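K.L.:
Pasting a structure here, questions to come.
Values quoted throughout were computed directly from the atomic coordinates according to the rules given, and no laboratory measurement underlies them. If you're wondering where the values come from, they're calculated on a predicted model, not measured in any experiment. Positions of Cβ are generated from backbone atoms using ideal geometry, with glycine treated the same way; all protein chains shown enter the neighbour counts.
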Amino acid sequence: MARVITIGETMAALTPGSSGALRYVTDYRIRIAGAESNVAVGLSKLGIETAWISRVGEDELGYFVRNQIRSEGVDCREVIFDPEHRTGLMLKETGALETKVFYYRENSAASHLSPKDLKEEMLQQAELLYLTGITPVLSESCERTVREAIRLGKKHGLLISFDPNVRKKLWKERDYGPLLARLALESDIVLLGLSEAEILFGETEPDAIFDLLFREGGVRYAAIKNGAEGAWAADRSRRIAVKPYPCRSVDPIGAGDGFNAGFLAGILLGRELDTAGKMGAICGALATQTTGDVEGYPDRKQMENALSQTEEIYR
């Protein structure tokens, strides 16, 4: 059975064959995009058995999404093919200064996730439940699903890991900040960006953020990500700065999920906090060296080589 359970939407993603406004693009490649499945794939590559729970449309894009995630070794047996709703779609636009994304996911199959889609026996045998703040803002039923997953996870002694993954494009008229802050404080492991901490908690200093998380919640581990500047990681006894791992970035999307996968793998493998932080930095950096979210994530051997600074010879 899977050691890690993830729950959330994965979309089919069209990536352009050239940079610039999409109105001028005529060729695309199809990939997948989903924060929870990204982490599941990253963990699977590092040798951690992982399962992904979701809904996709009973359509060609739904089968494509499931097949891509399953091909990375992630257990997809609990993925539901919904005949009533379509698979979500995302388009990516690349330019010299930034990457933009456009969502076509309203009323998607995953937005109809409900608590009845959760199998308690599956959670009963896992060690960690990974959730993000994307899922509960998709719909009222998704919010109930996340709350029920947390309830079941706590009932069976799982570590609850949460990344608020703030996506204000999905918030519309509602302020989901208080909800995501509560979910973070209910978790055992909190992984968030520095800018997200300011949105949710009004804090911009790492020590102040850690103080709040450890004082007001049941948080046991936390990491604050700051893009190319590196990160900070902490448990209840130590706080460390995590240096960025050197890389040649071509696309930053997927880096945050990569950091989460590396950091969580370190925790699950019993590594020290500084090593878990390094694993997060390595996985996040390598993610940026490809145009896809997960294609750059390292496997177990590549991770160990990076940690030991061993150079692989390929010829």
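K.L.:
If we sort 203-210, 283-290 on the protection proxy, mean other Cβ atoms within 10 Å, highest first, what's the order?
P.N.:
The densest-packed peptide leads the list: 283-290, 203-210.
K.L.:
Still on this structure: Can you work out the FRET efficiency for the pair E272 and L22, with r the C-beta to C-beta distance and R0 = 51 Å, to the nearest 0.05?
P.N.:
The calculated FRET efficiency here is 0.65.
K.L.:
Turning to a different aspect of this structure: Mind giving me the nanometre distance, one decimal, between the label points for R182 and I80, set 7 Å out from Cα along Cα→Cβ?
P.N.:
Spacing of the two 7 Å Cα→Cβ label points: 2.4 nm.
K.L.:
Which one, G296, G73, P115, projects farthest toward the positive side of the charge dipole computed for the stretch 5-308 from Cβ point charges (K/R +1, D/E -1)?
P.N.:
Farthest along the dipole direction, towards plus: G296.
K.L.:
Of L183, G193, M279, which is farthest on the positive side of the dipole of the stretch 167-282, counting Cα position, with +1 on Lys and Arg Cβ, -1 on Asp and Glu Cβ, and the Cα centre as origin?
P.N.:
The residue sitting most towards the positive pole is M279.
K.L.:
Among 171-181, 54-64, how do they line up by average Cβ neighbours within 10 Å per residue, starting with the highest? Display every interim value, and only then the final one.
P.N.:
Numbers: 171-181: 14.3, 54-64: 19.7.
Result, highest mean first: 54-64, 171-181.
K.L.:
How far apart, in nm, are two points set 7 Å out from the Cα along the Cα-to-Cβ line at T204 and at T310?
P.N.:
Those two pseudo-labels are separated by 4.4 nm.
K.L.:
Hey, another quick one. Below 24 Å Cα-Cα, how many Lys pairs turn up in the chain? Only count pairs eight or more apart in sequence, or on different chains, if you could.
P.N.:
Here the count comes out as 24.
K.L.:
With a ≥ b ≥ c taken as the square roots of the eigenvalues of the C-alpha gyration tensor of the stretch 223-315, please select rounded if a/c is under 1.5 and otherwise prolate if a/b is larger than b/c or oblate if it is not?
P.N.:
Working: a/c = 1.87, a/b = 1.30, b/c = 1.43.
Oblate, since a/c reaches 1.5 and b/c is not below a/b.
K.L.:
Let me make sure I get this right: for the chain, a, b and c are the square roots of the gyration tensor eigenvalues over alpha carbons, sorted descending. Under 1.5 in a/c it's rounded, otherwise prolate if a/b > b/c, else oblate. Which is it?
P.N.:
Details: a/c = 1.30, a/b = 1.07, b/c = 1.21.
In terms of gyration-tensor shape, rounded.
K.L.:
How much length is gained if the chain between R174 and E98 is pulled fully straight, taking 0.36 nm per residue apart and subtracting their Cα-Cα distance, in nm to one decimal?
P.N.:
Working: separation 76, 0.36 × 76 = 27.36 nm, distance 2.68 nm.
The span from R174 to E98 would gain 24.7 nm if fully extended.
K.L.:
Of the DSSP beta bridges with both residues in the stretch 123-251, give the percent that are antiparallel, rounding to the nearest 5. Don't skip to the answer; put the middle values down first.
P.N.:
Details: 9 of 21 bridges.
Looking only at bridges with both residues in the stretch 123-251, the antiparallel portion is about 45 percent.
K.L.:
On to the next question. Net charge within 9 Å of R31 by Cβ-Cβ distance, Lys/Arg positive one each and Asp/Glu negative one each, not counting R31 itself? All intermediate terms of the calculation are to be shown ahead of the outcome.
P.N.:
Details: positive: R29, K92; negative: D293, E295.
Here the count lands on 0.
K.L.:
Please identify which residues in the stretch 160-189 have an amide N closer than 17 Å to a label point set 7 Å out from the Cα of R215, following the Cα→Cβ vector.
P.N.:
The answer is 182, 185-186.
K.L.:
Can you put L43, L192 in order, fewest other beta carbons within 10 Å first?
P.N.:
Numbers: L43 29, L192 26.
Ranked by crowding around the Cβ, least crowded first: L192, L43.
K.L.:
Let me ask something else about it. Provide the net charge surrounding L170, with neighbours chosen by a C-beta distance below 11 Å and charges set as Lys +1, Arg +1, Asp -1, Glu -1. Could the numbers behind the result be given before it?
P.N.:
On the way: positive: R105, R167, K168, K169, K172, R174; negative: E9, E106.
Local charge sum for L170: +4.
K.L.:
Roughly what would the spin-label model give for F64 and R147, points 7 Å off Cα along C-beta, in nm?
P.N.:
The answer from the label model is 3.6 nm.
K.L.:
Which of rounded, prolate, oblate describes the stretch 157-226, given a ≥ b ≥ c as roots of the alpha-carbon gyration tensor eigenvalues and a/c under 1.5 marking rounded, otherwise prolate only if a/b is larger than b/c? Spell out each step's value before the answer.
P.N.:
Numbers: a/c = 1.82, a/b = 1.31, b/c = 1.40.
Oblate, because a/c is 1.5 or more while a/b does not exceed b/c.
K.L.:
If you don't mind, there's one more thing I want to ask. If one computes the Cα centroid of the stretch 289-306 and of the stretch 221-242, what distance in Å separates the two points?
P.N.:
21
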